[in-house]
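So the structure is just underneath, and the comments pick up after that.
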Amino acid sequence: MAFVKRNWSIHDFEIGKPLGKGKFGRVYLAREAKSKYIVALKVIFKEQIEKYRLQHQLKREMAIQTSLRHPHVLRLYGWFHDEDRIFFILEYAHGGELYGELRRSGCFSEKQAATYIASLTHALAYCHENHVIHRDIKPENLLLDHEGRLKIADFGWSVQSKNKRHTMCGTLDYLAPEMVENKAHDYAVDNWTLGVLCYEFLYGVPPFEADSQADTFRRIMKVDLTFPSKPHVSDDAKVLITQLLVKDSAKRLSLDKILKHPWIIMNADPNG
Ligand SMILES: Cn1ncc2ncnc(NCCc3cnc(NC(=O)Nc4cccc(C(F)(F)F)c4)s3)c21
C-alpha cells in the first residue's frame, strides 16, 4: 500500500462525509488526492489523548494494526499528525457498522449469524496467533465491506500479550467474568465475547442485558443465560452459545473447535 511510503498531511486528502463519531474523534470518508484512493480518515484530538494519558495505548494500536494483515481485520495503512490532531488512514468499510445492520433487521438469520461468527473466529484466531487480544469486540467495532464481509476494527483496547493482562476495558455487556472481577485475563476473553455476539446476532439483544450496570455485572458473574422462545433459534446454536459463555475461561470452546461446530458447519457461508 502506497500509504506507508511517505509522511502524509491533511492536504493530501479530500475530506468527504462523516462516517461516524468514535472514541475521542470523528471518522470521515476521504480520498487521497493523487491516487484517488478512497479511505476512512479517523481524526483523534491530541488534547483528549493527553488528558486520558492514552499515548502508549495509541502507539500500541499503531504497532499492532499495521502488523496485522487479514481479510477480516480492517487495515490501518498509516498515520500522520498536525498541531493538535492525529490522523489514522484506515481501510474504508463501505457497508458501515454491523451494528446498523443488526438494529435495522432486529436480528440476523442463523446463516447470517453463523457466517459472521465464523469470520470473527478466523480473524481472532489470526490475532491470537500474532499474540494480540482484541478485548473490545462489540457490534460497533465490527464493520462490513462492500460485499458485506465482516471486518474487525478499532484495536484501541487491544494488547500484544504473551501473558495475563489486568487492564479493565471493553463495553459492559461484552465483558467476561474475569474482566468484571478485574482478575488476570488472557485470550479466552475474546471467546466469551463470541458467545455474547452470537446470542445478540440471533436474539437482537445481548444475553446479560439489564436495567443497571450492577445487574448486568451480577448476570455476567452468575452466567445467568436464558434463551427466549422467540425468535426461534436452533438447539445447535444454543449449544454453541452455552459452550462459549462458560465462567471458567479454560473451559470455553476453543476457536478451532468453534469452526468445526455443527451449527457453524451447517450454517456459515464459507466465502464469509
Ligand atoms: C464508521 N465507519 N464506517 C465505515 C468505516 N470504514 C472505516 N472505518 C470506520 N470507522 C473507524 C473504525 C476504526 C478503526 N480503528 C480505529 N481506531 C481508533 O479509533 N483508535 C483510537 C482512537 C482514539 C483513542 C485510542 C486509544 F488507544 F488511545 F484509546 C484509540 S477506529 C468506518
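The values are calculated or read from the model by the stated rules, or taken from the named source; none is laboratory data. Because the structure is predicted, anything quoted here is derived from the model rather than measured. All Cβ positions, glycine included, derive from the backbone under ideal geometry; neighbour counts span all protein chains shown. Remember, those area values only see protein heavy atoms, side chains included, never the ligands or the DNA or RNA. Shrake-Rupley method; radii C 1.70, N 1.55, O 1.52, S 1.80 Å.
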Residue within the stretch 182-201 that is at pLDDT below 90 and over 26 Å from L68 (Cβ atoms) present: yes
Residues located in the stretch 80-96, provided they are in contact with a strand residue (DSSP E or B) (Cβ under 6 Å, 6 or more places away or on another chain) and near the ligand (Cβ under 10 Å from one of its atoms): I86, F88, L90, Y92, A93, G95
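Could you tell me which residue of the stretch 213-239 is most open to solvent (accessible area, probe 1.4 Å), considering only residues that are among the aliphatic types (A, V, I, L, M) and free of Cβ contacts under 8 Å to residues at least 60 places away in the same chain?
Of the residues in the stretch 213-239, the ones among the aliphatic types (A, V, I, L, M) are 214, 220-221, 223, 225, 233, 237, 239.
Remaining after also requiring free of Cβ contacts under 8 Å to residues at least 60 places away in the same chain: 214, 220-221, 223, 225, 239.
Numbers: A214: 49, I220: 0, M221: 43, V223: 34, L225: 41, V239: 66 Å².
Only one residue tops the list, namely V239.
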Selection within the stretch 128-153 - touching a helix residue (DSSP H, G or I) at 6+ places or on another chain (Cβ under 9 Å) and either more than 16 Å from the ligand (Cβ to nearest atom) or modelled with pLDDT of 90 or more (or both): H128, N130, L142, L143, L144, G148, R149, L150, K151, I152, A153
Failed item, numbered, when Y77 is tested on (1) part of a strand (DSSP E or B); (2) surrounded by 16 or more Cβ atoms within 10 Å (Cβ to Cβ); (3) over 20 Å from the mean Cα position of the chain (by Cα): (3)
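When the residues of the stretch 126-149 are narrowed to those that are over 10 Å from the mean Cα position of the chain (by Cα) and within 25 Å of Y203 (Cβ to Cβ), which ends up least open to solvent (accessible area, probe 1.4 Å)?
Here is the first cut: in the stretch 126-149, the ones over 10 Å from the mean Cα position of the chain (by Cα) are 126-133, 144-149.
Within this subset, residues satisfying the condition of being within 25 Å of Y203 (Cβ to Cβ) are 144, 148-149.
On the way: L144: 7, G148: 30, R149: 77 Å².
Among those residues, the one meeting the criterion is L144.
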Qualifying positions in the stretch 41-79 - near the ligand (Cβ under 10 Å from one of its atoms), among the basic types (K, R) and over 15 Å from V27 (Cα atoms): R53, K59, R60
